[in-house]
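The values are calculated or read from the model by the stated rules, or taken from the named source; none is laboratory data. Model, not experiment: these values are computed from the prediction. Areas reflect the complete protein model, heavy atoms only, side chains present, ligands, DNA and RNA absent. Shrake-Rupley method; radii C 1.70, N 1.55, O 1.52, S 1.80 Å.
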Amino acid sequence: MAGALTVRPAQAGDAADLAALLGAMGWFKAYAATTPAQAAAHLQALVAAAPDRSLLLVAEDDQHRLCGYCAVHWLPVAILQGWEAYVSELFVAEMARGSGAGSQLLDAAVQAARERRCQRIWLINNRERPSYARGFYPRHGWTEQAEMARFVLPLAPLPSDNAST
């Protein structure tokens, strides 16, 4: 991928390209079953909730093709007596890996958290992902908290689960 990259806040008009990007990753069955209209409605709701609750960023190349996406959310934390930021998603299209899109998205998320005066920013990275194996986050100054455990309690079926019932 050649050319300059632009990182900017996502807009409702990015929905179809965002759905295609996430669907092409092949990681999430829910996106495979998502129609462009469903993706547009979901992205529109997320964009409307920002900036109070989250910031959705996209990276696009010089031909305005979406090549990356990052979602960062603002969380109040009583023990910190302030706010923290949580990066829930950071994805870069296969064709754009190594272009700097991930670094630029991560930098923009960190900058936004600083501007909101967050005391820390955190994320979870699957140890099976190539980004973990490459040491992407440590190269950007992030440290892994080995003493932490991640617990998940599913509260609702995924959209693709509804299709089978």
Fill in the blank from the handout: Sequence order, the range 95-106: Karplus ³J(HN,Hα) from phi using 6.51 cos²θ - 1.76 cosθ + 1.60, θ = phi - 60°, Hz rounded, Gly and Pro as x, gives 5, 9, 5, x, 8, x, 4, x, 4, 5, 5, 5
Exercise for the section: Can you tell me the relative contact order of the chain? Whole percent, Cα pairs under 8 Å, sequence separation 6 or more. Expected result: 20
Handout entry: Whole-Hz couplings from phi, Karplus 6.51/-1.76/1.60, listed for the range 11-21; x for Gly and Pro
Key = 10, 3, x, 7, 4, 5, 5, 5, 4, 5, 4
Practice task
Using amide H atoms built 1.01 Å from N in the peptide plane, name the residues 5+ places from Gly82, or on other chains, whose amide H lies under 5 Å from its own.
Solution key: Val77
Practice task
For the range 77-165, list log₁₀ I(q)/I(0) at each q in 0.11, 0.19, 0.21, 0.26 Å⁻¹, using the Debye formula over Cα point scatterers of equal strength and ignoring solvent, two decimals each.
Solution key: -0.44, -1.07, -1.17, -1.38
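Quick check for you: with a 1.4 Å probe and neighbouring chains kept, what is the accessible area per residue of the range 1-158, in Å²?
Working: 9920 Å² over 158 residues.
Normalised by residue count, the accessible surface of the range 1-158 is 63 Å².
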Handout entry: Under Karplus coefficients 6.51, -1.76 and 1.60, residue-wise ³J(HN,Hα) of the range 146-157 in Hz, glycine/proline x
Key = 5, 7, 8, 10, 9, 10, 10, 10, x, 10, 8, x
Handout entry: the chain: calculated mean residue ellipticity at 222 nm from DSSP helix runs of at least 4, using -39500 (n - 2.57)
Key = -9500 deg cm²/dmol
Exercise for the section: Can you run the Rg to Rh ratio on the range 37-128? Use alpha carbon positions and the Kirkwood inverse-distance Rh. Expected result: 1.00
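Taking only the alpha-carbon atoms of the chain, what semi-axes of the equivalent ellipsoid follow from 5 times the gyration tensor eigenvalues under a square root, in whole Å, largest first?
Numbers: eigenvalues 113, 88, 64 Å².
Taking √(5λ) for each eigenvalue gives 24, 21, 18 Å, largest first.
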Practice task
Report, to the nearest whole %, how much of the accessible area of the chain belongs to carbon and sulfur atoms, 1.4 Å probe, protein only.
Solution key: 55
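Taking Rh as the Kirkwood radius computed over C-alpha pairs, what is the Stokes-Einstein D of the range 37-88 at 4 °C in a medium of viscosity 1.567 mPa s, expressed in µm² per second?
D, rounded to a whole number, is 103 µm²/s.
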